[in-house]
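The values are calculated or read from the model by the stated rules, or taken from the named source; none is laboratory data. Given the structure is predicted, the values throughout are model-derived calculations rather than measurements. No Cβ is skipped: glycine too gets one built from the backbone with ideal geometry, and neighbour counts run over all protein chains shown. The protein model used for the area step is the full one, side chains on, heavy atoms only, and it has no ligands, DNA or RNA in it. Shrake-Rupley method; radii C 1.70, N 1.55, O 1.52, S 1.80 Å.
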Amino acid sequence: MTRERDRGAGEVLCLGIESTAHTFGASVASSRGEILSDIKEVYRPPMGSGIHPREAAQHHSKIAPKVVREALRAAGKSPEDVDAIAYSKGPGLGPVLRVGATIARAISARYSKPLIPIHHAIAHIEIGLLTTGLRNPLVVLVSGGHTTVAFFSKGKWRVFGETEDITLGNLLDAFGREAGIPHPAGPNIEGIASKGRKLIELPYIVKGNDVSYSGLLTAAVKKIPDSKLPDLCYSLQEVAFSMIVEVSERAVAQLEREELLLTGGVSANRRLREMFAKMMSERGGRSEAVDPKYSGDSGAQIAWTGALAFSSGVSERLGDSKVLPRWRLDEVEIPWRRG
Amino acid sequence: MAKGMTLLKKGAEANLYLGEWYGMKAVYKVRVRKGYRIPQLDKRIREERTAREASMLHEVKLLGVPTPSVYSVDIRSKTIVLEFIEGIRMKEALEFRGPKALPLFEIGECVGRMHSNGIIHGDLTTSNIMLMEGGGIALMDFGLSFRSSDEEDMGTDLLILKRALGSLHHERARAVLEKIMKGYRSIIEFADDVVEKMLEVERRGRYFSER
């Protein structure tokens, strides 16, 4: 009861459930921007193979109840205490999305709490804005599911540029698998690359505001047998990262922004952060990256975005809670943000 | 090379300076060093783009697509000296004059002429299309251009233009693109295939939901 009285007027608590890919996460967040808990379990595919949607879904359904209970317990809340249940409605892998949606629906129905549909990429952006305090930055979202340069305009996030084929996360994961680098490939490639010195020639493909990483992947994989792995990892990072920084700089110049937010799983890479910081400082602006605690997929991003969405009246009926595996960022109305 | 000249524009990859070249008003386009790229990669990219842009500007002009004349190229300083074109960018023209006043058909024709000769612009945004003071248009900024007769590359070129319209001025985008495509169709017989490829590339962008 004391906890209830501590709550400010209009403050809401949201339970968030993330389930789009490898990670199943749950978290409780308040509309004041406090992350009260953030619990996750990650499905690890067998060495040398990618994510198998059905196996990931089986993994997630096994650990889901435990993760959700743990998130509530760590926040010191019961299901009755929370005001809304948010879940990642998409985009992501269908079978995996359905695990999160199913448990969210069950809790929503059992405790009569509104159900809040959240777009996974928007949640990456919101948790980035929360942890950096940036207000109206150009957003660069780099993860396994997205490589997108976006800006906010007229009630929606608009895509300025993106990958034409695979994402930066896909590139690193697939290269890692081919080179026998253990999962998670990104951080391991970063570590190996730090010992590389020699630049190996690889294709640098920028098409207008978009990047294309599939040709780079093919070329890099071909060079595995004849190259020193540190040099190849170093070259792969330098080329791939320079490409996304270049299109982001184009966006900053055209849209005349002074701030940039780097978010998503790959934003944990220190070399990438350094490159964005350098690019923005050379233009007299600044680049901030999401708190590394929340760069990868987490329940926290969904809980916090859920709290924002619920506070501005977003919710859905149980009957509408179908997952959207290919939901696009620029289709989502954002009533809680101006500009 | 560009010291003491007036900075016209600090773009994403190059600085444009206003200067003179043998008594003629000229633009010095200098590709500046990018601190975020390692020097070796940075040098390679800037040299490739400087050389490619100079040769493409010239080649495209011979196809009847107006471009600024290239007065001089210096790979070492990554500088191209260009004819100064009096006019405004399509980006501002759309904003201040509205689409009615623009030669949209002619823009489509120019893009069509390049494509029919196997040249892809690579950065076909509304900032790179100039409306000349005396009428007519000019295409600029060929730093990302390349040679290809692949319909998919042509489609991607159009997609960039579509995106530039869509992200900067949502309301009028569709009408403007339709008029441009009329001009494009007058040159390219297989325009429908290119448009189909454009939509395909757009759909391939991750998470494009089927509507």
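Taking the simple approach of a point 7 Å from Cα along Cα-to-Cβ for both residue B:6 and residue A:286, what is their distance in nm?
In this crude spin-label approximation the distance works out to 3.4 nm.
Roughly how compact is the protein assembly as shown, stated as its Cα Rg over 2.2 N^0.38 Å to two decimals? Working shown, then result.
On the way: Rg = 24.9 Å, N = 550, 2.2 N^0.38 = 24.2 Å.
In units of the 2.2 N^0.38 Å rule of thumb, it is 1.03.
How big is the range A:134-186 along each principal axis, measuring the range of its Cα positions in Å and listing the largest first?
45, 24, 12
Averaging over every viewing direction, what projected area does the convex hull of the Cα atoms of chain B cover, in nm²?
Details: hull surface 52.2 nm².
Approximately 13.0 nm², given one-decimal rounding.
What's the magnitude of the charge dipole for the protein assembly as shown around its Cα centre, counting Lys and Arg as +1 and Asp and Glu as -1 at the beta-carbon? Answer in Debye, nearest 20. Each step should come with its number before you reach the end.
On the way: 79 positive and 70 negative charges, 213 e Å.
Computed charge dipole of the protein assembly as shown: roughly 1020 debye.
Order the peptides B:109-121, A:183-195, A:10-22 from the highest to the lowest mean number of other Cβ atoms within 10 Å of their residues. The partial results should precede the final answer.
Values: B:109-121: 22.3, A:183-195: 18.5, A:10-22: 25.2.
Most protected by this proxy first, the peptides run A:10-22, B:109-121, A:183-195.
Roughly how big is the B-A contact, given as buried accessible area in Å² (both sides, 1.4 Å probe, nearest 100)? Intermediate values should be presented prior to the final figure.
Numbers: alone 11550 and 14890 Å², together 22820 Å².
Chains B and A together bury approximately 3600 Å².
With every protein chain present, what is the per residue accessible area of the range A:140-275 (1.4 Å probe, Å²)? List each step's numbers first, then the result.
Working: 4390 Å² over 136 residues.
I get 32 Å² per residue for this part.
Helix A:299-311: angle to the longest alpha-carbon principal axis of chain A, degrees 0 to 90, nearest 10?
50
Quantify how strongly other chains surround peptide B:33-43 by giving the mean number of their Cβ atoms within 10 Å of each of its Cβ atoms. Show your work: numbers first, answer last.
Details: counts 1, 8, 5, 18, 11, 7, 1, 5, 8, 2, 0.
The mean count of partner-chain Cβ atoms within 10 Å per residue comes to 6.
Would you calculate the convex hull of the Cα atoms in the range B:28-130 and tell me its volume per residue in Å³?
115
Please compute the volume of the convex hull spanned by the alpha-carbon atoms of the range A:219-339 and report it per residue in Å³. The partial results should precede the final answer.
Details: hull volume 20.4 nm³, N = 121.
In the range A:219-339, the Cα convex hull volume per residue is 168 Å³.
Dipole of the range A:135-246 (Lys/Arg Cβ +1, Asp/Glu Cβ -1, origin at the Cα centre): which of A:219, A:181, A:144 lies farthest to the positive side?
A:144
List the residues, sorted by chain then number, that are 5 or more residues from residue B:72 or on another chain and whose placed amide H is less than 5 Å from its amide H.
For residue B:72, whose amide H was placed from the backbone, the distant partners under 5 Å are B:81.
Quick one: work out the % antiparallel among DSSP beta bridges in the protein assembly as shown, nearest 5.
Values: 56 of 74 bridges.
In the protein assembly as shown, approximately 75 percent of DSSP beta bridges are antiparallel ones.
If I model a spin label as a point 7 Å beyond the Cα along the Cα-Cβ vector, how far apart are those points for residue A:222 and residue B:149 in nm?
Roughly 2.3 nm, to one decimal.
Nearest 0.05, what FRET efficiency do residue A:271 and residue A:331 give at R0 = 41 Å with Cβ-Cβ as r? Before the final figure, lay out each step's value.
Numbers: r = 33 Å, r/R0 = 0.80.
Once the sixth-power term is evaluated, E becomes 0.80.
Hey, any idea what % of the protein assembly as shown's accessible area is carbon plus sulfur with a 1.4 Å probe?
On the way: 11500 of 22820 Å².
The value for the protein assembly as shown is 50 percent carbon and sulfur by accessible area.
Between helix A:120-132 and chain A, what is the angle of the helix's C-alpha long axis to the longest principal axis, kept within 0 to 90° and rounded to the nearest 10?
That works out to roughly 90 degrees.
Could you sort the peptides B:177-186, A:92-101 by per-residue average Cβ neighbour count (10 Å cutoff), highest mean leading?
A:92-101, B:177-186
Rule-of-thumb check for the range A:136-292: C-alpha Rg over 2.2 N^0.38 Å?
Working: Rg = 15.1 Å, N = 157, 2.2 N^0.38 = 15.0 Å.
It is 1.00.
Which whole-number percent gives the relative contact order of the range A:136-292, counting Cα pairs below 8 Å spaced six or more residues apart?
Working: 288 pairs, mean separation 41.0, N = 157.
Reported relative contact order: 26 percent.
Quick one: what does P(r) look like for the range A:91-141 with 5 Å bins over all Cα pairs, in whole %?
In order of increasing distance, the bins hold 4, 16, 21, 16, 16, 13, 11, 3, 0 percent.
Per q in 0.09, 0.15, 0.19 Å⁻¹, report the Debye log10 I(q)/I(0) for the range A:1-139, using one uniform scatterer on each alpha carbon and no solvent.
Per q value, in the given order, log10 I(q)/I(0) is -0.28, -0.75, -1.12.
What percentages make up the Cα-Cα pair-distance distribution of the range B:107-151 when the bins are 5 Å wide from 0?
Result, from short to long distances: 5, 22, 30, 25, 12, 5, 2 percent.
Of all alpha-carbon pairs in the range A:268-337, indicate the percentage at a distance above 16 angstrom.
Every Cα pair in the range A:268-337 considered, those over 16 Å come to 69 percent.
According to a simple spin-label model (label point 7 Å from Cα along Cα-to-Cβ), what is the distance in nm between residue B:97 and residue A:52?
6.2
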